[in-house]
1. Using 0.36 nm per residue, how much length does the chain from Arg115 to Asp330 gain when fully extended, once their Cα-Cα distance is taken away?
2. Work out how much length Asp94 to Tyr189 would gain on full extension: take 0.36 nm times their residue separation and subtract the Cα-Cα distance, in nm to one decimal.
3. Just order 211-222, 124-135 by mean Cβ neighbour count inside 10 Å, highest at the front, would you?
4. What aspartates and glutamates sit close enough to Lys122 to cross-link, taking a C-alpha to C-alpha distance under 19 Å and skipping anything fewer than 8 places away on the same chain?
5. Can you list residues from other chains, or at least 5 along the same chain, whose modelled amide H is less than 5 Å from the amide H of Thr137?
6. Rounded, prolate or oblate: pick one for the stretch 265-312, where a ≥ b ≥ c are the square roots of the eigenvalues of its C-alpha gyration tensor, a/c under 1.5 means rounded, and failing that, prolate if a/b is larger than b/c, else oblate.
7. Could you grab the relative contact order for the stretch 99-224? Cα pairs under 8 Å, six or more apart, rounded to a whole percent.
8. By the scheme Lys and Arg +1, Asp and Glu -1, what is the net charge of all other residues having a beta-carbon under 11 Å from that of Ile212?
Amino acid sequence: MTSLPSFSTCTLHGAMSAPTAMQCYKDCIFNYSSLFKQSLHSKLISVSSSPTQSKVLSTLKPVNWEQSGMNRVQCQAQDVENKTFLVGNKFQLDDVVEAQQFDRNILSAIFEVAREMEKIEKNSPGSQILKGFLMATLFYEPSTRTRLSFESAMKRLGGEVLTTENAREFSSAAKGETLEDTIRTVEGYSDIIVMRHFESGAARRAAVTASIPVINAGDGPGQHPTQALLDVYTIEREIGKLDGIKVGLVGDLANGRTVRSLAYLLSKYQDVKIYFVAPEVVKMKDDIKDYLTSKGLDWEESDDLMEVASKCDVVYQTRIQRERFGERIDLYQEAQGKYIVDRAVLHAMQEHAVIMHPLPRLDEITVDVDVDKRAAYFRQAKNGLYIRMALLKLLLVGW
């Protein structure tokens, strides 16, 4: 799949601990984003105990080190022609189900395609990249931005759309049809399925069943990977970097699929710190905190929104999700209105920082914040179009 035209090596001798070997690994990492722009080549890292037994590793994937018996480690920066990202090649993923599917290299490449999609949307309204392709949207939960942005993305690239706005009530699911049977039927009418469901894990079930690509547009309190992609894309565009940032996740962190997926993606970057600010009844779940800890990402829980806002590059506000509380109205009322982004929070924020929100908004961001240049949530929603155009193009026709 790849050719190896040249090597640049640094060889370290003697007993070597895992941290030292990892430092060698880190020292060989190149900036993929700039490299992608220049030559569509990627620098891959090879670390081994001998030159003849090297293992090529993508730049930021975790490495497990065996400390015993390692007396010589060779760190090779290999100039590998990465045919994976060449125009016309197949996209690496068959489906988009969860944020953990993406590594840093793929994220950078997707963002490059999204920037191209922005040019198409502005300058080439008659694009026919996806002419002849048909997208089916199956939405078992309400949606405005996600459904419309996917449908707009498909049409702006010349494709067609089959849509069900409330599949939970107005599809055969109301008659008791299983999700698997619905997917098997709908894939016969379309080339790609975009699905939102009320059950966590439903997107994975659909992807396993389908023989065509499936995109998770939100599965209950589980994940919302395309929202996380557009969130990271927005952060990069607004702040200018993704390494070394501080992000405050605020609001309903227990039920918010957007913040869960965003946390997974932020773990791909270096020196990121996440603050969790949430009412007691909707704090971030332990699985996310444990995952971030396992990746070495610094996180902290706080009940002081003003202090967190003063430190962060991004304040990511979310609504308290009434629909996730069932009959426990008392718990919803306990959480609702506890953390509100208003002019006072804006005053505490740094001038370069931004406020983001996956929308819809209730009262957790006051409307007088909208006029401030740091209010990025409507620009964020627009970026969703470009990311979803990129994903549809990549899944259906490749790079």
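Throughout, read-outs are computed from the coordinates displayed, never taken from laboratory work. For clarity, every value in this text was computed on a predicted model and none was experimentally measured. Cβ: placed from backbone, ideal geometry, glycine included. Neighbour counts: every protein chain shown.
1. 72.9 nm
2. Net length gain for the segment: 32.4 nm.
3. 211-222, 124-135
4. Reachable aspartates and glutamates: Glu112, Glu151.
5. For Thr137, the qualifying residues are Leu162, Thr163, Thr164, Val194.
6. It is oblate, given that a/c is not under 1.5 and a/b is not larger than b/c.
7. 23
8. So the environment of Ile212 carries a net charge of -3.
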